[in-house]
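Scroll down for the structure; my scribbles are underneath it.
The values are calculated or read from the model by the stated rules, or taken from the named source; none is laboratory data. Quick caveat: nothing in here was measured; it's all calculated off a predicted structure. Calculation scope for accessible area: heavy atoms of the full protein, side chains included, ligands and nucleic acids excluded. Shrake-Rupley method; radii C 1.70, N 1.55, O 1.52, S 1.80 Å.
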Amino acid sequence: MIAALRMVSRSLVEGLRDLAPIILVILFFQVAVLQQPFPNLAEVLVGLVCVVAGLTMFIQGLEMGLFPLGEAMAHSFARKGSLVALFAFAFSLGFGTTVAEPALIAVAAEAAQVAAEAGHIAANDTARQAYAFNLRMVVALSVGAAIMLGVLRILKGWPIHVFIISGYVLVTLMTAFAPEEIIGVAYDSGGVTTSTITVPLVTALGVGLAQSIRGRNPMIDGFGLIAFASLTPMIFVLIYGMVA
């Protein structure tokens with residue numbers, strides 16, 4: 001019990017430390033620059049407490065649940081020795097976590113609304129929902145493919161910089177031919193895929209897999225899956241924009 005309380009208190013202190021720069025910036029500009037009192041100060045303070053508590057529980061959940069679970073599953077798949085099962089799990093993990101990513105849902109809905117206002121799609125709920133759903137599916141499929149490629153890189157020991165440099169060169173070339181209205185959406189899609197749900201599980205998978213394979217260094221080979229998950233959505237969405 002005492003150990004659990006110490007762990008929670010440590011997480012609370014770390015959460016406050018991480019939020020301190022944001023709090024100080026807001027205080028400085030609100031008081032020193034704008035020189036205005038905080039609107040709804042009581043609500044702001046309650047919200048701040050909720051943020052600290054939520055961040056604390058989130059970090060604690062990662063340390064207790066998601067990271068050990070991801071690494072344990074990676075070790076189990078490595079011992080099983082089935083490449084088909086490993087690749088199926090990698091794709092399913094990338095696809096499933098991306099579909100559930102709140103940031104992607106928000107960006108897809110906003111993109112659909114803007115596309116309707118600009119006249120690129122019909123201005124009705126059916127068209128907006130279809131646009132947002134298709135965008136989410138394209139991004140989720142791309143992340144699933146990215147995690148599979150990243151797992152293959154770990155298994156083979158291929159250098160990551162070759163893939164990353166080649167990928168961004170391809171994105172740059174495709175940008176010249178893609179419709180202008182899809183370019184910004186494609187670039188943002190690469191950022192929103194690597195958020196609160198995707199990052200912990202994917203990182204744990206890569207590190208656990210690298211630890212399970214003889215001759216692999218977790219620091220060199222275990223990381224990099226997140227870079228793949230950020231890069232491939234840009235490629236897939238640009239292709240989607242040019243085709244659809």
Averaged per residue, the 1.4 Å probe accessible area of the chain, protein heavy atoms only, in Å², is roughly 55 Å²
Report the full-extension gain for the segment residue 100 to residue 25: residue separation times 0.36 nm, less the Cα-Cα distance, to one decimal in nm.
23.9 nm
What would the Debye equation give as log₁₀ I(q)/I(0) for the chain at q = 0.09, 0.13 Å⁻¹, counting only Cα atoms as equal point scatterers?
-0.52, -0.97
Whenever you get a sec, compute what percent of the accessible area on the range 1-130 sits on carbon and sulfur atoms (1.4 Å probe).
73 percent
Given the -39500 (n - 2.57) contribution per DSSP H run of 4+ residues, what per-residue ellipticity at 222 nm results for the chain, rounded to the nearest 500 deg cm²/dmol?
-26500 deg cm²/dmol
From the convex hull of the Cα coordinates of the range 119-185, what is the mean projected area in square nanometres?
5.5 nm²
Could you estimate the translational diffusion coefficient of the range 35-107 from the Stokes-Einstein equation, with Rh from the Kirkwood formula over C-alpha pairs, at 20 °C and 1.002 mPa s, in whole µm²/s?
135 µm²/s
Which of the helices in the chain meet the span-like rule: DSSP H, Cα axial reach of 15 Å or more, Kyte-Doolittle mean at least 1.0?
2-27, 41-61, 83-99, 102-117, 160-175, 198-212, 225-243
Over the alpha carbons of the range 147-244, what is the largest minus smallest coordinate on each principal axis, giving the biggest first in Å?
46, 27, 18
Just how far, in whole angstrom, is the range 14-69 from the range 173-244 if you go by their alpha carbon centroids?
28 Å
